[in-house]
Amino acid sequence: MGVAKRSRKPVASDPTRIEKVELHQHVDGSIPVPLTWQLMKRHGLNPVETMTQMEKLLALQNGEEGTLLSYLDKFQYPLWITQFYENIARVVEAIVEEAHQNHVRLLELRYSPIIHTFAGLTLRQTISAALSGINRAKARYPIRAGLIIIAMRQHGPHIAKILARSAVSEGQQFHERTGVIGFDVAGAERGNPPKLFKEAYTIARIGGLGLTIHAGEDEGPHALWQAIDVLGVTRIGHGCSAIRDKALLRRLARDKILIECCITSNYQTGAVKRGRPHPIFTFLEYGIPVAICTDNTTVSGTDQNLENKRLAQRLSVSQLARIHQNAGAFSFIRSGKGEA
Ligand SMILES: [Zn+2]
């Protein structure tokens with residue numbers, strides 16, 4: 001007992017022991033490799049012979065870094081298995097379990113239902129499969145969790161409206177257990193500006209969902225201005241290009257718009273150039289609320305503990321703990337109903 005006690009570092013010096021808040025994590029990019037492998041083998045879908053080879057296809061490799069599009073390419077293989085209700089529930093349950101092991105105590109997963117309908121599931125069924133996975137995990141672990149619905153930019157504004165309606169119809173206010181908590185737009189950013197999705201965001205807002213968007217990852221500050229002024233989001237995924245616009249930084253601080261920062265992912269997609277400091281430090285200087293997020297634990301080869309360890313090179317553990325605590329106030333999960 002004594003030995004075990006001495007070997008455990010106190011929270012004050014160990015970033016892995018902080019109670020964490022994860023506000024930006026994708027289901028498809030976060031399925032544990034052994035589970036993907038197991039499900040691929042079971043369905044006879046494995047494109048390679050070993051799990052090690054499979055891991056190379058699922059996780060971004062050094063030579064593949066540098067663009068958002070090559071990063072997004074990694075999402076093809078997981079979609080082969082996540083077209084079936086039970087598989088979806090199973091992978092979501094495993095992701096929540098893994099997050100819990102990394103001391104995540106509040107978890108918002110995100111997921112685009114329409115790319116899980118290729119085998120015939122309806123939008124509603126794919127959403128309910130993911131909710132079911134979260135509920136199974138919540139029955140086993142003390143974790144608050146909810147689901148954000150994503151519309152893919154490249155599918156256009158009309159599909160986004162349909163998804164916003166589906167998301168609202170599974171809103172947390174209608175569920176005793178986990179429900180949908182928010183709405184997001186993701187995918188190839190260039191050529192698909194936020195303003196295209198105004199009506200979808202109006203539907204989501206009226207339906208009581210929290211609003212976030214992927215913006216400023218592969219586009220300039222104008223994308224963030226649009227997201228704030230036209231869509232009325234209260235959180236932004238990535239937002240890296242905001243550092244190029246001081247007026248925007250002041251606006252984000254003034255209106256307390258939280259930036260969901262995904263450090264490892266941002267370097268991998270080229271949103272932040274290697275060797276440059278991550279914008280999170282500028283955001284903190286300006287008093288902009290931030291969350292420390294993984295984006296995709298499998299594609300990015302990371303997890304909450306690794307992200308926090310990386311930041312601990314410049315921030316103290318108590319600063320990191322405060323960031324997580326403050327980020328919790330920006331969660332779209334409402335207490336009470338949906339929090340069984
Ligand atoms: Zn993302």
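The values are calculated or read from the model by the stated rules, or taken from the named source; none is laboratory data. The structure displayed is predicted, hence computed values, not measured ones. Don't worry about glycine lacking a Cβ; one is built from the backbone with ideal geometry, like all the others, and counts go over all protein chains shown.
What is the residue count in segment 62-83 for residues that are farther than 21 Å from residue 238 by Cβ and free of Cβ contacts under 8 Å to residues at least 24 places away in the same chain?
Initial filter on segment 62-83 (farther than 21 Å from residue 238 by Cβ): 62-63, 76-77, 79-83.
Checking which are free of Cβ contacts under 8 Å to residues at least 24 places away in the same chain leaves us with 62-63, 76.
Counting residues in segment 62-83 that are farther than 21 Å from residue 238 by Cβ and free of Cβ contacts under 8 Å to residues at least 24 places away in the same chain gives 3.
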Could you please find all residues in segment 247-284 being small (Gly, Ala, Ser) and within 13 Å of the ligand (Cβ to nearest atom)? 265, 271
Residue, farthest from residue 31 (Cα to Cα), within segment 116-148, restricted to residues that are among the β-branched types (Val, Ile, Thr) and without any contact (Cβ under 8 Å) to a residue 60 or more places away in the chain: 122
Residue identified as in contact with a Phe, Trp or Tyr (Cβ under 7 Å, 6 or more places away or on another chain), under 25 Å from residue 160 (Cα atoms) and at pLDDT 95 or above among 232, 208: 232
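Report the residue count in segment 285-314 for those that are farther than 19 Å from residue 25 by Cα and either within 16 Å of the ligand (Cβ to nearest atom) or touching a Leu at 6+ places or on another chain (Cβ under 8 Å) (or both). Spell out the reasoning first.
Residues of segment 285-314 farther than 19 Å from residue 25 by Cα: 285-288, 312-314.
Now restrict to residues that are either within 16 Å of the ligand (Cβ to nearest atom) or touching a Leu at 6+ places or on another chain (Cβ under 8 Å) (or both): 286, 288, 312.
Counting residues in segment 285-314 that are farther than 19 Å from residue 25 by Cα and either within 16 Å of the ligand (Cβ to nearest atom) or touching a Leu at 6+ places or on another chain (Cβ under 8 Å) (or both) gives 3.
Of the residues 130, 137, 145, 151, only one is in contact with a strand residue (DSSP E or B) (Cβ under 6 Å, 6 or more places away or on another chain) and part of a helix (DSSP H, G or I); which?
Values: 137 fails: in contact with a strand residue (DSSP E or B) (Cβ under 6 Å, 6 or more places away or on another chain); 145 fails: part of a helix (DSSP H, G or I); 151 fails: part of a helix (DSSP H, G or I).
Checking each option against the conditions leaves just 130.
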Among the residues of segment 239-255, which ones are touching a residue at least 40 places away in the same chain (Cβ under 8 Å) and either on the phi > 0 side of the Ramachandran plot or among the acidic types (Asp, Glu) (or both)? 239
Could you check, for segment 203-216, whether at least one of its residues is within 15 Å of the ligand (Cβ to nearest atom), within 19 Å of the chain's Cα centre (by Cα) and either small (Gly, Ala, Ser) or more than 23 Å from residue 155 (Cβ to Cβ) (or both)? yes
Of the residues 221, 279, which is in contact with a Cys (Cβ under 7 Å, 6 or more places away or on another chain), crowded, with 17+ Cβ neighbours inside 10 Å and not small (Gly, Ala, Ser)? 279
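Go through segment 229-278 residue by residue and tally those that are among the hydroxyl-bearing types (Ser, Thr, Tyr) and more than 17 Å from residue 295 (Cβ to Cβ).
Residues of segment 229-278 among the hydroxyl-bearing types (Ser, Thr, Tyr): 234, 241, 264-265, 267, 269.
Narrowing further to those that are more than 17 Å from residue 295 (Cβ to Cβ): 234.
Residues meeting the conditions: 1.
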